[in-house]
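Notes follow the structure.
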Amino acid sequence: MHTQDCERDIQEAGDDAPDEVKNENIIKLSWALVHTRQLEEVQRGIAMLEAPLKKAGLSQLHRRDMLYIRSFGHYINREFIKSCNDICHCLE
């Protein structure tokens with residue numbers, strides 16, 4: 001999936017979308033961003049996961065997916081300790 005398609009999905013859903021929809025869209029876009037392997041886009045993908053991961057009430061599935069994607073982003077950025085920490089949190 002291309003980042004532009006994911007960004008369009010987020011815009012179309014709007015701020016009134018349920019958290020479930022917002023989280024799904026964030027997961028799709030962050031996945032697309034970290035897989036571009038362009039450092040600026042990878043950083044953007046990692047950053048967009050920070051706020052949702054701090055929110056209470058995040059489903060275990062979304063939490064796991066977000067941690068995995070963030071871990072991959074850290075790996076691409078050669079931040080291996082952060083990557084390993086996120087993977088360990090995925091396995092909890």
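Every number in this text was worked out from the coordinates using simple rules, so none of it is lab data. On a predicted model such as this, the values are computed, not experimentally measured, just so you know. Here Cβ is always computed from backbone atoms with ideal geometry, including for glycine, and neighbour counts include all displayed protein chains.
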query: Picking from D15, D9, which residue would you name as being outside any helix (DSSP H, G or I), without any contact (Cβ under 8 Å) to a residue 40 or more places away in the chain and either surrounded by fewer than 20 Cβ atoms within 10 Å (Cβ to Cβ) or touching a Leu at 6+ places or on another chain (Cβ under 9 Å) (or both)?
result: D15
- request: Six or more apart or on different chains, Cβ under 7 Å: which pairs go from a residue in segment 74-92 that's part of a helix (DSSP H, G or I) to one that's crowded, with 16+ Cβ neighbours inside 10 Å and among the hydrophobic types (A, V, I, L, M, F, W, C)? Could you list them?
  value: H74/I46; I76/V34; I76/V42; D86/L67; H89/L67; C90/L67
message: Condition first: surrounded by 15 or more Cβ atoms within 10 Å (Cβ to Cβ), more than 18 Å from L58 (Cβ to Cβ) and of a type in the set (A, V, I, L, M, F, W, C). Now tell me which residues in segment 75-92 satisfy that.
response: I76
query: Looking at segment 41-92, which of the residues that are of a type in the set (K, R) and out of contact with any Lys or Arg (no Cβ under 9 Å at 6 or more places or on another chain) is farthest from N23 (Cα to Cα)?
result: R78
